[in-house]
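> Structure in structure tokens, see below.
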Amino acid sequence: MRELELLVPTLFGLEGLCAEELRRLKLPEVAAENGRVRCKAAPADIPRVNLNLRTGERVLLVVGRYRAADFEALFEGCRALPWEEFIPREGAFPVKGHSLNSQLHAVPACQAVLKKAAAARLGEKYGLETLPESGALYQIQFSIMRDEVTLMLDTTGVGLHKRGYRAVGVAAPLRETLAAAMVLLSRYRGRDPFCDPFCGSGTIAIEAALIAKNRAPGLNRAFSAQKWRWLDSGLWLQAADEAMDGEYDGAYDIWGGDIDPKAVAIARANAEKADVEDVVRFEVADAAAFRRDAPYGRVVTNPPYGERILEKREAEELYRAFGRAVRTLPEGWRVSVLSSHTEFERTFGRTADKKRKLYNGMLKCDLFQYGR
């Protein structure tokens, strides 16, 4: 099979981290763009990337690119692509996507045209007027940007942020991919004590445990492309074995606290599902009374913003109290706090040494980082 191209969408602000991950997996020609990362790949890389990626949202296989400013060009460009190399006679191939700054801006109309074109190509190749679509899912995704059409197949299925451990959440949960990014940006590698004083359902501490153990985040879940006929099933076993061989054993000091006992119970259950309950502990604790005697460590946390859970004034009081608690920590501690609150630094009581723009869903936030 010819060399493949993968496209990995990310949350805005995480493109660089995702590109680094792909380079560490030794994928060639990695290039970060706005909200996505591209790279070349072999078929064996589809399982490897799906299993190992912490900060990407899904893994899309690029089938083709072309320009289209009208529906005829959209149809013909799609029909010219080698869909039969990927989608078998019984394959189900629904179409979804988006269009930005293009002549063709009506998404439902684009979906219908692309579906008809792919069906025309496959019907011709398989000698069928009507395709059964009774087999495995081959989700077609399209992106039309400035009249440039990119057609892809979704290898992932349910987004990569669904690791499989968070069956139950709490209000306003943090996406796992963003939690992993916050841990990576704190430069935590498993050696220092690690704390999340607003742990909620435990996502940040669990992602820290997965990073410390070098455990692939996708080992406990399934992917769409596992059912694809042209992709050798042995490649998935090979990728899982490779991932498990890279795991580390060790004693890690990873702690999460929350004032809500129900949240703590959920966090403990999630840690068990993620198989990291031996290296992370959760306790009912008030972030305003947060103390640590160790000479160094990492705090990575996502306190309530005031927009969704608490009223703004209550959030500001919480930031003040937490800021006072953080100032009692020894000098060797580094602190990273994600917040969308425009007055965070003022209420926390310190200007950040470094700020990084990130998005929690559609909510624009800053990661405020303190310490060297």
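> Over the chain, with the other protein chains present, what is the accessible area per residue in square angstrom, probe 1.4 angstrom?
I get 45 Å² per residue for this part.
> Here's another thing I want to ask about it. Grab the DSSP H runs of the chain that are 4 residues or longer, score each as -39,500 (n - 2.57), total them, divide by all residues and round the 222 nm result to the nearest 500 deg cm²/dmol. Could the numbers behind the result be given before it?
Details: 10 runs with 112 residues, N = 372.
When only DSSP H runs of four or more count, the value is -9000 deg cm²/dmol.
> Taking the chain as a Gaussian network, Cα atoms linked when under 10 Å apart, which of Gly127, Gly202, Gly64 shows the biggest mean-square fluctuation?
Gly127
> If the cut-off is a Cα-Cα distance under 19 Å, which lysines reach Lys125, setting aside same-chain residues fewer than 8 apart in sequence?
List returned: Lys115, Lys116.
> For the range 71-155, give the percent of accessible area contributed by carbon and sulfur heavy atoms, probe 1.4 Å, rounded to a whole number.
The C+S portion of the solvent-accessible surface of the range 71-155 is 52 percent.
> Right, here's the next one. Keeping all protein chains in position, work out how much accessible area Ile204 exposes to a 1.4 Å probe, and write it in Å² to the nearest 10.
Here the accessible area works out near 10 Å².
> Please calculate the 1.4 Å probe accessible area of Tyr359, with all protein chains present, and give it to the nearest 10 Å².
70 Å²
> Given R₀ = 22 Å, what would the calculated FRET efficiency be for Val107 paired with Phe12, taking r from the Cβ atoms and rounding to 0.05?
My answer for the efficiency is 0.60.
> What is the spin-label model distance, in nm, from Ala92 to Tyr66 if the labels are put 7 Å beyond Cα along the C-beta direction?
My value for the distance between the label points is 2.8 nm.
> In addition: Test of understanding: what is the full-extension gain from Arg24 to Lys125, defined as 0.36 nm times their sequence separation minus their Cα-Cα distance?
Details: separation 101, 0.36 × 101 = 36.36 nm, distance 3.93 nm.
The span from Arg24 to Lys125 would gain 32.4 nm if fully extended.
> Moving to a separate point now. Quick one: pull the percent of accessible area on the range 319-372 belonging to carbon and sulfur, 1.4 Å probe, ligands and nucleic acids left out.
The value for the range 319-372 is 47 percent carbon and sulfur by accessible area.
> Where the accessible area of the range 159-208 is counted over protein heavy atoms with a 1.4 Å probe, how much of it, in %, is carbon and sulfur?
46 percent
> Please tell me the relative contact order of the range 3-108 in percent, rounded to the nearest whole number, where contacts are Cα pairs under 8 Å and at least six residues apart.
26 percent
> Run the numbers on the range 100-229 and let me know its relative contact order in percent, using alpha-carbon pairs under 8 Å that are six or more apart.
25 percent
> Could you compute the FRET efficiency for Tyr248 and Arg356, with r as their C-beta to C-beta distance and R0 at 30 Å, rounded to 0.05?
On the way: r = 27 Å, r/R0 = 0.90.
Efficiency for this residue pair is about 0.65.
> Assuming R0 = 30 Å, what is the FRET efficiency of Lys312 and Ala265, from their Cβ-Cβ distance, to the nearest 0.05?
0.60
> Something else now. Quick one: compute the contact order of the chain, relative version, from alpha carbon pairs under 8 angstrom and 6+ residues apart, as a percent.
Here the relative contact order equals 15 percent.
The values are calculated or read from the model by the stated rules, or taken from the named source; none is laboratory data. Because the structure is predicted, anything quoted here is derived from the model rather than measured. No Cβ is skipped: glycine too gets one built from the backbone with ideal geometry, and neighbour counts run over all protein chains shown. Keep in mind that these areas ignore ligands, DNA and RNA; they rest on the heavy atoms of the full protein, side chains included. Shrake-Rupley method; radii C 1.70, N 1.55, O 1.52, S 1.80 Å.
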